[in-house]
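What follows is a set of notes on a single structure, which appears directly below.
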Ligand SMILES: [Zn+2]
């Protein structure tokens, strides 16, 4: 009891694939703005937006 892990990283849910993803070093400065687990999901999202316009 009372144990804490150093690797207690924050997580978010990807808006495209709806799966949780974990904080990564490359996002340390933009974590608040990260919405997608990967570039692939981000490009899918933008492709959908363009198609719906
Ligand atoms: Zn995703």
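Criterion first (part of a loop (DSSP other than H, G, I, E, B), within 11 Å of the ligand (Cβ to nearest atom) and either at pLDDT below 85 or loosely packed, with under 12 Cβ neighbours inside 10 Å (or both)) does residue 29 satisfy it? No, not satisfied. Taking region 1-17 as the range and being within 9 Å of residue 37 (Cβ to Cβ) and loosely packed, with under 10 Cβ neighbours inside 10 Å as the test, no residue passes.
The values are calculated or read from the model by the stated rules, or taken from the named source; none is laboratory data. Because the structure is predicted, anything quoted here is derived from the model rather than measured. Heads up, the Cβs are rebuilt from the backbone with ideal geometry, glycines too, and the neighbour counts pull from every protein chain shown.
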